[in-house]
Amino acid sequence: MLNSKRLGFNCCLIVIGLLFPCCSARAELKAGAARKSIVPPFPAQMGGFYDRDKNFEGVHDEVYARAIVLGNGTTKLVFVGLDLMSTDDGLAKLARENITLVTGIPATNILIGSTHNHSAPSFYQKTQLGKDDAEPSLKRFLAQQIAEAVSEANTAMVPARAGFGAGSLIGATRNRQQKNDLIDPQVGVLRIEEVDSRKTIATLFNFTGHPVIIGSTNLLLSGEYPGAASRAVESLLGGVAVFTQGACGDITVNRSGDPFLEIERLGRTVAGEVIKTSGLIKVDDDLVLKSAATSLTLPARQIPNLDEAKAELEKGKAALEKAKQQNGPATLVSLLEDKNRVYEIAVVKALAIANDPKKRETEIKAEVQVLQVGNVVYGAIPGELFVEYALELRSRVKQDTGNSFCLIGYANGHLGYIVTPRAMETGGYEASITRLTALGGRTLTEATMDLIRQLSQK
């Protein structure tokens, strides 16, 4: 009698276990990584500088599409790092469609970022001053290489553990717009390793600084300092090292001397902090993977008509000349020079619109995306965000959710410079060519926070 009761009790437990699986069951993390060359097998112009419109003549160091795929059985996330200046939404859309076709991963879960490398091939081919035409064969080539990198990473997925840590690098960058030390020193590192061997699968790292060490006279393709940093991390840690660029709209790097030596020096410096931080990270094989995205319609900055633009420029020139004649303070002269750059570009844009009214923008589409891996959230913005926004977001994310935060700029498209209201008032190069109004950055920031709050409620 006792045995039959025990048997019935055990059967009951089995049934309960089948109907209500143990809530402590862990989702196994898997990861894979790969890279593909994006050196075009045909002539292509180099981007990055207005005064350079020639085809590249050789390769100093290889440029790549690097990809990481993370999965936990229910969700897969994709991080792509490109040694390009940027992608437009057309290239991002084409690449995502190709990736989804071969992997089944939805576009919302695919982040395509660029390092903002100024020594890369450009799919915008200059035909005359002020006119850029998309080069379709290069765009198709890049989309294909991106998709192949992701496909290989997806196929190579193995049981993995991952963890995030944040280092700090001070002295490598400066704020070129404010001419001070307001920077983002964080070096965010996601370490991804195999479960059994602890062999590095990939390192996803985030740093903030314009890759403009190599100038406009260079005609050799290069990954610039982000490429050098990735190579150094890969050499010492193994795996694939994916560099993601932060909010470097107003942040440049400190450099001097031979540019090709400098990209190696700064690359090693960034890599050193990545490697140190990676060694201190605690990894886990049970990490939440989440994503969310939204599409925004932003009002475009309004350009005055040609007569108004010319009159504003003449007033600006007169004010600058007066300040110089009166030996005005250097800060005033510099401010007036910055404002005049805005006026000069406004004349160029007003002339282009006068010749072709279709060039006047009234609104601009933009995608904001967030991906979460464990206790770190990545916010993807399609442009050159000023650093204040990234610093603010990191503080708010930590306060609201307790998670770490990395801002990834130049992701899934390119709006150009996204300046602060202060910068719009003081002028300068970035404010002179921005396509957005002074509140564009605030709209993108709040949209990012809204998505992060949505993730925290999932």
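Laboratory data are not the source of any read-out in this text; all were calculated from the coordinates shown. For clarity, every value in this text was computed on a predicted model and none was experimentally measured. As a convention, Cβ positions derive from the backbone with ideal geometry for all residues, glycine included, and neighbour counts pool all protein chains shown.
Averaging Cα coordinates gives a centre for region 146-188 and one for region 78-94; these two points are 16 Å apart. Helical runs assigned H by DSSP (4 residues or longer) give the chain a calculated mean residue ellipticity at 222 nm of -13000 deg cm²/dmol, each run adding -39500 (n - 2.57) before division by the residue total.
With angles folded into 0 to 90 degrees, how steeply does helix 89-103 sit against the dominant principal axis of the chain? Use alpha carbons for both and round to 10. That works out to roughly 20 degrees. Summing charges over neighbours of L296, with a neighbour being any other residue whose Cβ is under 11 Å away from its Cβ, gives -3 when K and R count +1 and D and E count -1. Between G223 and D61, the built amide H atoms are under 5 Å apart, and every one of these is 5 or more places off in sequence or on another chain.
On the beta carbon distance between K179 and A318, with R0 = 25 Å, the FRET formula returns roughly 0.50. Label point 7 Å out from S235 along Cα-to-Cβ: which residues of region 51-66 have amide N under 15 Å? Once the point is set 7 Å along Cα→Cβ of S235, 61-62 turn out to lie under 15 Å by backbone N, inside region 51-66.
Checking the cross-link pairs K36/K93; K93/K139; K315/K358; K398/K458; K322/K349 against a 21 Å limit on the alpha carbon distance flags K315/K358; K322/K349 as lying beyond it. For the chain, find the longest principal axis of its Cα atoms and tell me its angle to the long axis of helix 440-457, 0 to 90°, nearest 10. The answer is roughly 0 degrees.
Mean separation of Cα pairs under 8 Å and 6 or more residues apart, divided by the residue count, gives region 302-360 a relative contact order of 51 percent.
Axis of helix 306-325 versus longest Cα principal axis of the chain: the two differ by about 70°, to the nearest ten degrees. Computed 3J(HN,Hα) for region 113-118, one whole-Hz value per residue from the Karplus formula 6.51 cos²θ - 1.76 cosθ + 1.60 where θ = phi - 60°, is x, 10, 6, 6, 5, 8, glycine and proline marked x.
Under 5 Å from the amide H of K199 lie the amide H atoms of E194, each residue being 5 or more positions distant or on a separate chain, with H modelled from the backbone and absent for Pro and chain starts.
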